[in-house]
């Protein structure tokens, strides 16, 4: 499990090669990173095909990321073969999961944002539709009343927590990485 919390000046988490090499990562939770723009940095183009990041990832939870525009920009289709649960909340700039028009296959997905009735084949299309829906509601002055309850997150799988001081340009930030 990787959990990154309250890293206010962190702009991205890792490169695509590191994500592909995270062979045993099953849970990824990112929250409170005020400057986070993308999880995975853009990589030089590899060609066409399907890319697999985090090959065994089962849970992805992203919340309170006000500058998060996307998870990863790529021209290749992505596949998350084992991804079962996704939470994306309070990420107002997240218009797409990846670049528009690129497929994100999630064949094992069971629920999105605590809704087990959501059935989707492409996480990118869901992200685009959700953003468009939220924009329309905001322009009409309505909201969906969605409230994020952090108590729903299951933290019992955390075996140990390590506090790391990340040296950033102004040397004033620290964040929690578990």
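The values are calculated or read from the model by the stated rules, or taken from the named source; none is laboratory data. Note that the structure is a prediction, hence the values are computed from the model and not measured. Reconstructed Cβ throughout: ideal geometry from the backbone, glycine too, with neighbour counts over all protein chains shown.
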Residues located in region 2-21, provided they are surrounded by 14 or more Cβ atoms within 10 Å (Cβ to Cβ) and in a loop (DSSP other than H, G, I, E, B): 6, 7, 8, 9, 10, 12, 13
Test: residue in region 56-69 that is assigned to a loop (DSSP other than H, G, I, E, B), within 15 Å of residue 124 (Cα to Cα) and either touching a strand residue (DSSP E or B) at 6+ places or on another chain (Cβ under 8 Å) or at pLDDT 90 or above (or both): yes
Of residues in region 92-120 being assigned to a strand (DSSP E or B) and in contact (Cβ under 8 Å) with a residue 12 or more places away in the chain, the one farthest from residue 14 (Cα to Cα): 111
Flag if residue 54 is crowded, with 21+ Cβ neighbours inside 10 Å, under 12 Å from residue 28 (Cβ atoms) and touching a helix residue (DSSP H, G or I) at 6+ places or on another chain (Cβ under 7 Å): yes
Count of residues meeting criterion [in a loop (DSSP other than H, G, I, E, B) and farther than 19 Å from residue 29 by Cβ] in region 70-91: 5
Criterion: surrounded by fewer than 17 Cβ atoms within 10 Å (Cβ to Cβ), over 13 Å from the mean Cα position of the chain (by Cα) and more than 20 Å from residue 99 (Cα to Cα) - qualifying residue of 75, 24: 24
